[in-house]
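Notes to accompany the following structure.
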Amino acid sequence: MDSAAAALLGMGLAAAGFAGAGVGIGFIFGKMIEAVARQPEAEGRVGKYMWIGFALVEAIALYGLVIAFIIMGLRK
Amino acid sequence: MEENPLHPFELQNYIPISLGGLDISINKAVIMMWVVVTLVTLLMVMASSARKLVPGKLQSLAEILVDFIRGIIMDTMGKDGMRFFPLIATLFLFILFCNLLGLVPGTYTVTSQIVVTAVFAITVYGLSLVLGLVLHGIKFLPGILIPPGTPWWLVPLMVPIEFVSQVARPVSLAVRLFANMTAGHTILGVLFGLTISGGLLIGWLPFAFSVAMNGLELGIAFIQAYIFTVLTCVYLGDAFHLHGSEDHAH
């Protein structure tokens with residue numbers, strides 16, 4: 001396998017990390033719905049933390065994207 | 001699809017200036033930063049120049065912003081943290097306006113350059129270290145490396161772990177903001193590319209999706225500015241209250 005193909009494969013593999021973030025985001029919103037169904041008056045306060053958690057999980061997925069960019073930069 | 005998806009993030013120098021080997025050329029990012037600084041300054045100066053007991057539209061907006069930032073500081077650092085209000089407010093407003101103005105087509109998102117976010121992150125983290133050393137002296141260093149209540153036999157294990165977690169703080173702070181902005185604009189660029197190459201028959205689908213993405217990006221722009229500010233407050237608060245009771249988000 002030549003190194004250009006390996007770099008492309010590596011960039012694709014770096015995107016596999018998005019699966020974990022998908023699980024995480026699903027978990028966050030699922031728990032949020034559970035919490036609000038149980039205690040509707042807490043929606044305002046719980047919602048704030050939900051959005052923080054959502055953004056933190058999403059950022060972790062994007063670290064994979066950064067790794068893909070690094071590989072793309074090394075490819076030349 | 002040979003087009004580089006990162007092409008929109010490349011910068012061309014409009015006026016090349018070199019100061020003793022230091023490249024301080026004027027490019028799109030620099031102009032955008034000037035625009036952001038001017039807008040924030042104008043908004044705040046105009047809102048506070050004619051203060052009234054019953055606020056008008058502009059004053060209400062400024063009051064909401066100031067109240068919001070005060071809320072973040074009081075929640076994470078307590079009353080001591082109000083000393084840092086100017087720094088935190090400047091950071092928040094600058095990042096928020098950079099993120100939001102970058103969504104206007106034809107402009108440039110300054111926070112999609114890692115050098116900008118890295119300077120912010122290193123400044124914040126360096127400030128928290130200096131602050132901790134000034135306030136607590138040399139016992140600040142074992143204070144941040146050994147969590148309270150660690151049994152003595154766990155210390156050789158905890159010190160490397162905590163060291164890595166400390167080093168990861170500025171890195172994750174910088175990369176989080178940079179990657180979010182870059183990824184959002186890359187997705188929008190890819191969707192617009194699909195719209196054009198799809199033609200009328202199928203092109204409306206990615207176009208509709210890009211409208212929804214734009215809405216999400218508006219939210220992300222605000223949330224990322226908010227998270228950067230909250231984490232800044234948490235890090236500075238950690239330096240304030242060594243072994244504080246509040247749990248910190250990594």
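Those residues that are surrounded by fewer than 15 Cβ atoms within 10 Å (Cβ to Cβ), more than 12 Å from every other protein chain (Cβ to nearest Cβ) and part of a helix (DSSP H, G or I), I need them from the stretch A:36-45; list them, please.
Passing the criteria: A:Ala37, A:Arg38, A:Pro40, A:Glu41, A:Ala42, A:Glu43, A:Gly44.
Being without any contact (Cβ under 8 Å) to a residue 40 or more places away in the chain and away from chain A (no Cβ under 13 Å), is that true of even one residue in the stretch B:217-228? Show your work before the answer.
Applying the first criterion (without any contact (Cβ under 8 Å) to a residue 40 or more places away in the chain) to the stretch B:217-228 yields B:219, B:223.
Imposing the further condition that a residue be away from chain A (no Cβ under 13 Å) reduces the set to none.
Looking for residues that are without any contact (Cβ under 8 Å) to a residue 40 or more places away in the chain and away from chain A (no Cβ under 13 Å), one finds none in the stretch B:217-228, hence no.
Look through B:Ala168, B:Ala183 and report the one residue that is surrounded by 14 or more Cβ atoms within 10 Å (Cβ to Cβ), assigned to a helix (DSSP H, G or I) and within 14 Å of chain A (Cβ to nearest Cβ).
Details: B:Ala168 fails: surrounded by 14 or more Cβ atoms within 10 Å (Cβ to Cβ).
From the options B:Ala168, B:Ala183, the qualifying one is B:Ala183.
With the structure loaded, tell me whether B:Leu100 is part of a helix (DSSP H, G or I), surrounded by fewer than 19 Cβ atoms within 10 Å (Cβ to Cβ) and in contact (Cβ under 8 Å) with a residue 60 or more places away in the chain or whether it fails that test.
yes
Working carefully through the options B:Gly143, B:Gly189, find the one that is within 14 Å of another protein chain (Cβ to nearest Cβ), farther than 27 Å from A:Gly47 by Cβ and in contact (Cβ under 8 Å) with a residue 12 or more places away in the chain.
So the residue among B:Gly143, B:Gly189 that is within 14 Å of another protein chain (Cβ to nearest Cβ), farther than 27 Å from A:Gly47 by Cβ and in contact (Cβ under 8 Å) with a residue 12 or more places away in the chain is B:Gly189.
Suppose we keep only residues that are within 14 Å of the chain's Cα centre (by Cα) and surrounded by 19 or more Cβ atoms within 10 Å (Cβ to Cβ) within the stretch B:114-148. Which one would you say is modelled with the lowest pLDDT?
B:Val116
What number of residues within the stretch B:205-239 satisfy the criterion of being over 23 Å from B:Phe97 (Cα atoms), in contact with a Leu (Cβ under 7 Å, 6 or more places away or on another chain) and surrounded by fewer than 21 Cβ atoms within 10 Å (Cβ to Cβ)?
Looking only at that region, the number is 2.
Out of (1) at pLDDT 85 or above; (2) farther than 29 Å from A:Ala68 by Cα, the odd one out for B:Lys28 is which?
Every listed condition holds for B:Lys28 apart from (2).
Given A:Ile33, A:Ile70, A:Ile28, A:Ile60, which one is free of Cβ contacts under 8 Å to residues at least 12 places away in the same chain, among the hydrophobic types (A, V, I, L, M, F, W, C), within 14 Å of chain B (Cβ to nearest Cβ) and assigned to a helix (DSSP H, G or I)?
A:Ile70
Let me confirm something: among B:Ile15, B:Ile26, which residue is touching a residue at least 12 places away in the same chain (Cβ under 8 Å), surrounded by fewer than 14 Cβ atoms within 10 Å (Cβ to Cβ) and not small (Gly, Ala, Ser)?
Step by step, each of B:Ile15, B:Ile26 is checked, and only B:Ile26 is touching a residue at least 12 places away in the same chain (Cβ under 8 Å), surrounded by fewer than 14 Cβ atoms within 10 Å (Cβ to Cβ) and not small (Gly, Ala, Ser).
The values are calculated or read from the model by the stated rules, or taken from the named source; none is laboratory data. Here the structure is a predicted model, which means the values were calculated and not measured. Backbone-built Cβ (ideal geometry, glycine too); neighbour counts: all protein chains shown.
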